[in-house]
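What follows is a single structure, written as structure tokens, with notes after it.
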Amino acid sequence: MATINVSNSSQLYNALASANGGDRIVLASGNYGELQLQGTQNSNYLFNREVTIESADPNRPAVLKELYLRNVSNITLDNIVFDLDTTSSTSSGVQPFKIDASTNVRIQNSTFDGDVFKGGGVANGYGTGFGLKVLRSENISITDNSFSNFRIASGFTEIKNLRLVGNT
């Protein structure tokens, strides 16, 4: 079990490519852009035991602008800010944070910070998009997170063993 400290997006991807079950990847404060992990493209993301990605400083957590996990297993995201920034061309149905066809994924102690719709009309100024969308997955745990400024905080479709506890 190793602890891997990273401070930017490329270091994060390198750490994930070499991580083994039981490892912790610790993120320095800062913006890591989008995190896309697809087990169908890189079997390294099918961990046999939990790999934790967490912020080094809980008072200054790492920020992800997008998250897409597909066909991954045994990943925990802890104390991360999932931050949606919209523009006037952002769709009101945007889904920037998505888990699909994955197993044993946990998101805990994190903040999903949405944004308001800026495209005009009746929806203008109201929360937009999905905070978290999870589909066709198994053993998903969403615990002690906060969701704000989304049209829909979260959506779940075809989930086996879903755990939702302590979220606001």
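Each stretch of four or more DSSP H residues adds -39500 (n - 2.57); spread over every residue of the chain, this sum gives -1500 deg cm²/dmol at 222 nm. The heavy atoms of Leu164 offer some 90 square angstrom of accessible surface to a 1.4 angstrom probe.
Around Ala101, what is the net charge, scoring Lys/Arg as +1 and Asp/Glu as -1 over all other residues with Cβ under 12 Å from its Cβ? Display every interim value, and only then the final one.
Working: positive: Arg70, Lys98, Arg136, Lys160; negative: Asp100, Glu138, Glu158.
Taking every other residue near Ala101 into account, the sum is +1.
Between the Cα long axis of helix 9-18 and the first principal axis of the chain there is an angle of about 40°, rounded to the nearest 10. Among Val94, Val105, Val72, the largest mean-square fluctuation in a Gaussian network model of the chain, built with springs joining Cα atoms closer than 10 Å, belongs to Val94. When the solvent-accessible area of the range 46-168 is split by element, carbon and sulfur atoms take up 45 percent of it, the probe being 1.4 Å.
Would you mind counting up the charge near Thr168? Only other residues with Cβ under 15 Å from its Cβ, with Lys and Arg at +1 and Asp and Glu at -1.
Values: positive: none; negative: Asp113, Asp144.
Taking every other residue near Thr168 into account, the sum is -2.
Only protein heavy atoms count here; on that basis, with a 1.4 Å probe, Arg49 has an accessible area of about 120 Å². Based on alpha carbons, the Rg and Dmax found for the range 50-92 are 13.2, 39 Å.
Within the range 132-165, what residues put their amide N at less than 19 Å from the label point 7 Å along the Cα-to-Cβ vector of Gln38? Hits in the range 132-165 for Gln38 at 19 Å: 133-137.
Only alpha carbons enter this Debye calculation for the chain, each as an equal point scatterer, and the log10 of I(q)/I(0) it gives at q = 0.14, 0.19 Å⁻¹ is -0.69, -1.24.
Within the range 95-136, report the trypsin sites (Lys or Arg not before Pro) that DSSP leaves as loop and that have at most 16 other Cβ atoms within 10 Å. Numbers along the way, then the final one.
Working: sites: Lys98, Arg106, Lys118, Lys133, Arg136; in loops: Lys118.
Counting only loop positions with at most 16 other Cβ atoms within 10 Å, the trypsin sites (Lys or Arg not before Pro) in the range 95-136 are Lys118.
Fraction of C-alpha pairs exceeding 19 angstrom in the range 55-143: 45 percent, rounded to a whole number.
Based on protein heavy atoms only, the chain ends up with 47 Å² per residue of surface accessible to a 1.4 Å probe. If you take all other residues with their beta carbon under 14 Å from the beta carbon of Pro61, and give Lys and Arg +1 and Asp and Glu -1, the sum is -4.
The values are calculated or read from the model by the stated rules, or taken from the named source; none is laboratory data. This is a predicted model, so every value here is computed, not measured. Glycine gets a Cβ as well: all are built from the backbone with ideal geometry, and neighbour counts include every protein chain shown. In case anyone asks, the SASA skips ligands and DNA or RNA and just uses the protein heavy atoms, side chains included. Shrake-Rupley method; radii C 1.70, N 1.55, O 1.52, S 1.80 Å.
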